[in-house]
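The values are calculated or read from the model by the stated rules, or taken from the named source; none is laboratory data. Bear in mind that the values here come from a model prediction, so they are computed numbers and not experimental data. Glycine also receives a Cβ, built like all others from the backbone with ideal geometry; neighbour counts cover every protein chain displayed. When the accessible area is computed, the model is the full protein with side chains, heavy atoms only, and any ligands, DNA or RNA have been set aside. Shrake-Rupley method; radii C 1.70, N 1.55, O 1.52, S 1.80 Å.
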Amino acid sequence: YNKYVGHDDNRDWYAFTQAETQLAVEKIHNVWHPQIVHDIHQQGATGARLFLPPYMKPVEPNVPTQLVEAYTELGNAMAKELRAGGLQGITTDSTYDAWTPGRAYSHYHGGVRILSETASARLATPLNVKFEELQPGEGYDPSKEAANFGPVWRGGEWRLRDITNYMTSAAFALLKHAAQNREHWLSRFYQIGKEAVRPRRDGELFGFLISSPKGPGIDENIVGMERLAEILRRGGVETSYTYDGIVVPMAQPYGGFAKGLLEAQHYPDLRDAEGRPIPPYDVTAHTLPLLLGVEAKPLLAPFKYIARGHGAGIGGCGQKPGRLAIYKSHVPAIDEGWTRWAIEDGGCVNHSPLEDREARAGNLRASYDVIIIPDQAARTILNGHKAGTMPPELTGGLGAEGVRALREFVEAGGTLIALNRASDFAIEQFKLPVRDVTLGLKRTEFYAPGSILRTIVDRSHPIAKGMPGESIAWVENSPVFETSEPARGGRVRVIASYPGDANPLLSGWLLGDARMRGKAALLEVTLGKGRIYLFGFRPQYRGQSLATYPLFFNAIMQALNDRKE
C-alpha cells in the first residue's frame, strides 16, 4: 500500500500523481502495450466469491466498442470455465463499472482491463461465513442464482487457500483464452489503432487547444498547463506547444485517451425501481482542464499552428512553512494522506501530525499557527474508535477535550482549516452561525457522487488573490453552507459560492441542484482572535484539483505570514 494514500492510488491511472502509477505506465504499459491486463484484487468477505467482467453500466464513451465486446467475451468465457470447474459464487455484470480512466489505463490504449475481485479473509486467517450473513451487492444477490450469478455458495469456511484457488483459476482461464484466440486479439488491437489515427472528417473533432485563463488580476496558470501536458505525454499523447497554448490532435494512437480527459463528463441519470439513484462504483467526473484550472477548447475544423519551445516546469508553493499540523485520526482517512501528499508535493514539507492525545492535552497555540482537519465524517472525528474495539490509546477521537482545545487554539489567534465533511464537525462543535443545507436529505433529494461544480469566487479576499472570478469545487459527500450572519459586518465571510441562477454542474452527475443555488461553498468564520476556513469541497482532491490549490495554500500561508508580521 502507498505511504500516503493507501489503496486510493488505484484511482490514479490518468492523473499519475503517484510513483506507483508513473512507474507501471512508463516501465510496463508503454513498453509492452498489452492487449489484456489482468488486474487482480480482493473485495469484501460477505458477497460474491469472485467478480469478473463484463462491467456494469455505464461505460465511459471514449472506450472503443471493440474493447467493450472484448472484455465481455473474455470475462464471460472465464466465468463459464470456472463454474464448469466447480467454483461457486461467481458474479459478472455487477458492482464495478467501466466509467473512469482512473482505474483503466488499458481501455484507452488498445487493450482490456480484466478486473477480478475475490472475496477476502482476515489476511491469512480463515473466516467462517454463514449463508444468512451473505449480503446483496449492486446488481446481484449472493443467495439467489441468476443469469449473472451462480452457482450459489452456501457459506462455510473461507481461507487463504480458497482465495488463491479462485485467483489462479481465473488467471489460467484468461491465459488459455488469450492463447487460443491470439490472432483475434491482435487483429482487434490493430483495428482500434487504425481507427484512432485516421484523418478526421468534416463535422468531427479535430483536436483541442489548451490555454490558461486570462484577464485583469488573474495569474497565468503555468503549473496547471504543465501538469496537464505532463499527464498527456506520460499517457502517450502527442502534443505541440504553440503561441496560443498547447495543441492536442485527435488523429493519433491515444487521441481517445486525451479526449476522455479533456472533455466534460455527462454521467447518465441511473435509478432503481424505486427511483433512487444507483451509485457509481467510484466518482463521475475526471475532466482535467476543470480540475487543473485551465481551458480546453475543442477544435472542430482542420488547423495549422506555429510550434514553439517547451513550456516552463511545474512549480510548488515556493515556501516551507513551519507550525503547521494535520489532524491524524486513529480511524484512517484517505484524505489525510492526500493532504500530506499535496503539501509535501507543493514544497511545504515542514508539518506535523496532530493526533488525539496531543490535541486533548491543549495549549495547541504554543506549537501551531495552522491546523488542518482533512475530510472525514464529523462523528468519526469526534468519537473515533469505540472503546473496547481497539487499544485504549487509539479510541475516543478528539472528544470534548479536543474540541475545547481546538476552540481555544482558534480564539487565541490560530487558523483552523476544515475540509469537506470536517466542516460539519466544526459547525456543530463550535456552534458556528452556519448551516449545512444538505444534512438529512435523501439521495433522491440531493446527490453529487464525485462531480465538478462551478463556483463564483470573491477575488477581493486575500486567499483568492490571482484566481479567476469563476472556479470549481470537487463535490463528493460535501456540505453546502447557509449562514445566519449578515452579508457585511458579521463574523462570516463568503469566499466562494454556487451560482444562484443556473445549475452549477460542469462535469459528472448532480441531483437536486436547486438546493445549492446561491449557497456558499467556502466560508471564513472569525472566532476570537483567529479564524476558521470551512471548505465545502476537497480543494486538494487526490492531488488533482490544482484549480483550487491556491485557496488551500493561501489559507495556510496567510496564517503563517500573519505570525511573521
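With a cut-off of at least 1 residues that are at positive phi, name the strands (runs of 3 or more DSSP E) lying wholly within segment 404-476.
449-457
Which condition breaks for GLU132 when tested against (1) part of a helix (DSSP H, G or I); (2) within 22 Å of GLY85 (Cβ to Cβ)?
So GLU132 meets the others, but not (2).
Restricting attention to segment 496-511, and to residues there that are part of a loop (DSSP other than H, G, I, E, B) and open to solvent by 30 Å² or more (accessible area, probe 1.4 Å), which single residue is nearest to LEU534 (Cα to Cα)? Break it down stepwise before answering.
Restricting attention to segment 496-511, the residues satisfying the condition of being part of a loop (DSSP other than H, G, I, E, B) are 498-504, 509-510.
This time we only want the ones that are open to solvent by 30 Å² or more (accessible area, probe 1.4 Å), so: 500-503.
On the way: GLY500: 20, ASP501: 23, ALA502: 23, ASN503: 22 Å.
Checking each candidate, the answer is GLY500.
Can you give me the number of residues within segment 1-32 that are part of a helix (DSSP H, G or I), within 16 Å of PHE257 (Cβ to Cβ) and among the hydrophobic types (A, V, I, L, M, F, W, C)?
Residues flagged as part of a helix (DSSP H, G or I), within 16 Å of PHE257 (Cβ to Cβ) and among the hydrophobic types (A, V, I, L, M, F, W, C) within segment 1-32 amount to 2.
For the list (1) touching a strand residue (DSSP E or B) at 6+ places or on another chain (Cβ under 8 Å); (2) over 30 Å from PHE257 (Cβ atoms); (3) without any contact (Cβ under 8 Å) to a residue 60 or more places away in the chain, I need the number of the one condition that TYR166 fails.
(3) is the only condition that TYR166 fails.
I'm checking my understanding of the structure. Among residues of segment 153-191 that are among the hydroxyl-bearing types (Ser, Thr, Tyr) and open to solvent by 50 Å² or more (accessible area, probe 1.4 Å), which one is farthest from ASP141 (Cα to Cα)?
TYR190
Of the residues that make up segment 35-56, is at least one in a helix (DSSP H, G or I) and hydroxyl-bearing (Ser, Thr, Tyr)?
no
Look through segment 383-403, keep the residues that are in a helix (DSSP H, G or I) and open to solvent by 80 Å² or more (accessible area, probe 1.4 Å), and return whichever of them is nearest to ILE532 (Cα to Cα).
GLU401
Residue by residue through segment 277-324, note down the ones that are at pLDDT 90 or above, hydrophobic (A, V, I, L, M, F, W, C) and either open to solvent by 60 Å² or more (accessible area, probe 1.4 Å) or in contact with a Cys (Cβ under 8 Å, 6 or more places away or on another chain) (or both).
Those that are at pLDDT 90 or above, hydrophobic (A, V, I, L, M, F, W, C) and either open to solvent by 60 Å² or more (accessible area, probe 1.4 Å) or in contact with a Cys (Cβ under 8 Å, 6 or more places away or on another chain) (or both): LEU300, LEU324.
Just to check your reading of the model, which residue among ILE210, ILE231 is under 22 Å from ALA342 (Cα atoms) and among the β-branched types (Val, Ile, Thr)? Explain how you work it out, then say what you get.
Details: ILE210 fails: under 22 Å from ALA342 (Cα atoms).
It is ILE231.
Any idea which of ALA496, ALA521 is aliphatic (A, V, I, L, M) and in contact (Cβ under 8 Å) with a residue 60 or more places away in the chain?
The match here is ALA521.
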